[in-house]
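Taking it in order: structure first as structure tokens, then the write-up.
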Amino acid sequence: MKESPNILVVDDEQAHTIALTDLLKKAGYQVASANDGFKAIAACKVKVPDIIILDLHMPLIGGVEVFNRLRADDRTVNIPIIFLGSRDQTLQDLKTPTDMEDVLFKPFEPQELLSRVKSVLREKALRDELRIKEQQLREMSLTDPLTELKTARYLNEFLKTGIRQAKRYKVPLSIVVVEVDQYKELNRAISREECDAVIGKLAKMIDHQMRDSDIVVRTSEFEFTVVLTCTNAQGAIEVAERLRTKIADTPFDANSMELNITVSVGICQWGDKMDEDGKVLMAHARAALQQGHNGGGNVTLMAQ
């Protein structure tokens, strides 16, 4: 059963607070209350309400200041607010840069308040749904749907951060680029579904061989890149050789037959003379990878 929306009522006049609380509870909402702005801000940190009904004119800290503080906090920036104002008091300090604020002037009819609350909650639900969709789209663009590994777009952003940290803290950072040997022939020899199954198994094998601190990315159809944090060239070679050997010794199923797959691996450790975007780092590793392919495959080579 879906939980009813949670509303925070903030008013320094106790009679108003009690009346609003009773009205909203009878309408089926969960209601909490605060009799000053400081308590309201504290209450929002304990439990973020779905909507706030906030008196504009309160002593100590007024509704506008409460509004500004809530909007400055990532946890409370998206809470819709219905301000309660008086027609004989100025509203010139109230700035509403979004469509998440509304003003209701006292005195007002109970049904008018309930109507505003219903409307604001409906708009909030639509905004929340949109934010969820946007987050899903962002995650989809950063995650490969077949392997559930990160994509090249994620790698580009991660390398910038990783290289800055390696430079600042003087710790090594290496990358390992792994690609299936003779993948074009493999692509022609088996079906699309079988090919996807092989790639999926290969992705899991690579991912399971790495530490939690390492980043495994699918950078093209048959290519995977691993960022090894705090790992020098020698450590990267050991990781790569262990992985290359395991892949060569593992049978891959395709249409009731076993395939023997090998990979070539190119390695590069970031150096001070390289750019901080990781482009030179990747280019060197891929050059070593290509040299491995050209030499017959099933080999690990370090970029010079």
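Tally the residues that are assigned to a helix (DSSP H, G or I) and within 19 Å of Pro80 (Cα to Cα), restricting the search to segment 6-22.
Qualifying residue count for the region: 3.
Exactly one of these conditions fails for Val239: (1) within 30 Å of the chain's Cα centre (by Cα); (2) free of Cβ contacts under 8 Å to residues at least 12 places away in the same chain. Give me its number.
The single condition Val239 does not satisfy is (2).
How many residues are in contact (Cβ under 8 Å) with a residue 60 or more places away in the chain and of a type in the set (D, E, K, R) when one looks only at segment 1-53?
Adding up the residues that qualify gives 2.
So which helices (runs of 4 or more DSSP H) are wholly in segment 98-196 and hold at least 3 residues that are among the hydrophobic types (A, V, I, L, M, F, W, C) and over 30 Å from Phe222 (Cα atoms)?
Values: elements: 110-142, 152-169, 183-189.
Where helices (runs of 4 or more DSSP H) fall fully within segment 98-196 and carry at least 3 residues being among the hydrophobic types (A, V, I, L, M, F, W, C) and over 30 Å from Phe222 (Cα atoms), they are 110-142.
Just to be sure, is Gly292 outside any helix (DSSP H, G or I), assigned by TED's automatic domain parsing to the domain that holds Gly162 and modelled with pLDDT of 95 or more?
So Gly292 fails the test.
Do you know which residues across segment 1-31 are under 21 Å from Arg122 (Cβ atoms) and among the aliphatic types (A, V, I, L, M)?
Met1, Ile7, Leu8, Val9, Leu20, Leu23, Leu24, Ala27, Val31
Hey, any hits in segment 134-146 for a residue that's of a type in the set (A, V, I, L, M, F, W, C) and at pLDDT 80 or above?
yes
Can you find even one residue in segment 88-100 that is touching a helix residue (DSSP H, G or I) at 6+ places or on another chain (Cβ under 7 Å), modelled with pLDDT of 85 or more and not small (Gly, Ala, Ser)?
So far as segment 88-100 goes, no, none of its residues is touching a helix residue (DSSP H, G or I) at 6+ places or on another chain (Cβ under 7 Å), modelled with pLDDT of 85 or more and not small (Gly, Ala, Ser).
The values are calculated or read from the model by the stated rules, or taken from the named source; none is laboratory data. The structure displayed is predicted, hence computed values, not measured ones. Using ideal geometry, Cβ is built from the backbone for each residue, glycine included, and neighbour counts are taken over all protein chains shown.
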